[in-house]
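Asks: Sending over a structure as structure tokens; questions will come in a sec.
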């Protein structure tokens, strides 16, 4: 039965995990992910889930335990943030390379240093090329919805890749909002039973995970991974549509908000989209043709679809919540520019914003739309939005 | 080396779906030092067989008969454990014969055949 609850982002992720009822969860606490695991371990202690909860001594161990359990053929989940994700690094790549369908919530937090506990995307953007599918959520509702869909996407036989649903630390993880939750039976029916192709515990069909793979076959295995990531696009679309048919909340690669006739478009990920849409509404009321493209799926990158959705604009601002330290800006903008390379004449500007949890208010969004309309920005270098000079 | 297959034909993730096929992967080429056994001294206690990490000690009818050089890495554990100092390590570049030959530098024919494995005092 459908229920409407007041949940923070962390609580809505825990509610999704309760309904998914994963076989194994191995995790280590780190702000701002901690409340998610508080809530989930309480469910384990209460017997509300049948999960084997492994409390480990570090995130490297958490991801290692998850890899082992997933190779044994069961459904596995974990969660982390920032430095915890950084400590997992080696095993994050191994999970994807071994084609293990893990789901790991990443509660976005700025990487040290200097040490900071608040939101930016430097953690998950850092592992954008690790072979994980990435879904960025805008609010607690999307957190819940993305967690359920992530299990289906990861375990799809055409995919078999780990999925990282992310959401902004504190801004989403600790903010109480209305969340519509589907019934436990419906959630169980949607995620289904895991159907592992291989299991380390199957002594009748023995399998070796992780043997040495040198010049003769490593490249072929990377090609397989690349092809699986391409196929994941179709699966994300299918799962998002099916979820929509069941819940009334359909999901695609991105949310194009008032972009159809827009001349200026802001592209962003996560919680910034809420503010951007509110400002777009206000400017639309004043007769300006502005829109917002909220990118939900960053991996795989929906280049063709994105070009079709925003290629008509006169100017586009890509908002990056991470600095790329590449001399030209953040990680999202170059991919958007590449996607638009043959799509027309839109000028694309890069704004790096919100590092270490710096607030992104309506005034800053308005200033971006104003820059775009007046042609004030310099397309050759990123603008650091909201930094003091 | 078997014929190399394309990315569509092989298991995903580098998985190996067949048991026991590591035997076909020839890894003895990494070896710098080669163990050799003096069968005139060897007492067939088989401690080398017990401790070899790569299962490279050949045993027939309870007697140590030499080495599987296709997989021996030359770690020297057999030399260390041998209670009668029947095993020596020689540089691969100075080893006689082909890569798979020369496991015994004396045949052991002087000694009477021994029944069973293990035990026994020093006989040489």
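Asks: With everything on Cα atoms, drop me the angle between helix A:218-247 and the longest principal axis of chain A, reported from 0 to 90° to the nearest 10.
Replies: Helix A:218-247 sits roughly 80 degrees off the main axis of chain A.
Asks: For region A:254-385, list log₁₀ I(q)/I(0) at each q in 0.10, 0.18, 0.19 Å⁻¹, using the Debye formula over Cα point scatterers of equal strength and ignoring solvent, two decimals each.
Replies: The calculated log intensity ratios at q = 0.10, 0.18, 0.19 Å⁻¹ are -0.26, -0.92, -1.04.
Asks: If I histogram all Cα-Cα distances within region A:253-296 using bins 5 Å wide from 0, what percent of pairs lands in each bin?
Replies: 6, 28, 36, 20, 8, 2
Asks: Per residue and in cubic angstrom, what volume does the convex hull of the Cα atoms of region A:162-234 have?
Replies: Cα-based convex hull of region A:162-234, divided per residue, equals 209 Å³.
Asks: Does a label point 7 Å from the Cα of residue B:26, set along Cα-to-beta-carbon, have any residues of region B:51-95 with amide nitrogen under 15 Å, and which are they?
Replies: B:68-73
Asks: Nearest 10 degrees, 0 to 90: what angle lies between the long axis of helix A:140-155 and the longest principal axis of chain A (Cα atoms)?
Replies: 50
Asks: Here's something else I'd like to know. Once label points are set 7 Å from the Cα along Cα→Cβ at both residue B:88 and residue A:366, what is their separation, rounded to one decimal in nm?
Replies: 9.2
Asks: If R₀ is 45 angstrom, what is the calculated FRET efficiency for the pair residue B:68 and residue A:112, using the beta carbon separation as r and rounding to 0.05?
Replies: After rounding, the FRET efficiency stands at 0.30.
Asks: Please compute the Kirkwood hydrodynamic radius over region A:1-132, one decimal place, Å, based on all pairs of different Cα atoms.
Replies: When all Cα pairs of region A:1-132 are included, the Kirkwood radius is 14.9 Å.
Asks: While we're looking at this one, here's another question. Can you give me the three principal axis dimensions of region A:80-145 from its C-alpha atoms, in Å, biggest first?
Replies: Principal-axis extents of region A:80-145 (Cα, largest first): 33, 30, 15 Å.
Asks: Normalized C-alpha radius of gyration of chain A, against 2.2 N^0.38 Å? If you can, show how the numbers build up before the last one.
Replies: Working: Rg = 20.6 Å, N = 389, 2.2 N^0.38 = 21.2 Å.
The value comes to 0.97.
Asks: At a Förster distance of 56 Å, what's the computed FRET efficiency of residue B:59 paired with residue A:326, Cβ-Cβ distance as r, to 0.05?
Replies: Values: r = 61 Å, r/R0 = 1.08.
Plugging the Cβ-Cβ distance into 1/(1 + (r/R0)^6) gives 0.40.
Asks: For region B:23-106, place one equal point scatterer on every Cα, skip the solvent, and apply the Debye formula. What is log10 of I(q)/I(0) at q = 0.19 Å⁻¹?
Replies: -0.75
Asks: How do B:72, B:45 rank when sorted from fewest to most other Cβ atoms within 10 Å of their own Cβ?
Replies: If I rank by nearby Cβ atoms, fewest first, I get B:45, B:72.
Asks: Let me ask you something else. With each pseudo-label sitting 7 Å past Cα toward Cβ, what's the residue A:380-residue B:3 distance in nm, one decimal?
Replies: 5.7
Asks: Among B:49, A:89, A:132, rank each residue by its count of other Cβ atoms within 10 Å, from fewest to most, as a rough exposure measure. Before the final figure, lay out each step's value.
Replies: Details: B:49 18, A:89 15, A:132 23.
Neighbour counts put them in this order, fewest first: A:89, B:49, A:132.
Asks: Mind jotting down the distance between the C-alpha centroids of region A:249-315 and region A:109-143, whole Å?
Replies: 20
Asks: Something else about it: Test of understanding: what is the full-extension gain from residue A:347 to residue A:359, defined as 0.36 nm times their sequence separation minus their Cα-Cα distance?
Replies: Values: separation 12, 0.36 × 12 = 4.32 nm, distance 2.60 nm.
Additional length available on full extension: 1.7 nm.
Asks: Let me ask something additional. Cut-off is 10 Å between beta-carbons; in what order do B:87, A:115, A:94, A:265 appear when sorted fewest neighbours first?
Replies: A:115, A:94, B:87, A:265
The numbers here are math on the coordinates, done by the rules we state, and not lab data. Everything numeric in this text was worked out from a predicted model, so none of it was measured. Neighbour counts run over all protein chains shown; Cβ positions are idealised from the backbone, glycine included.
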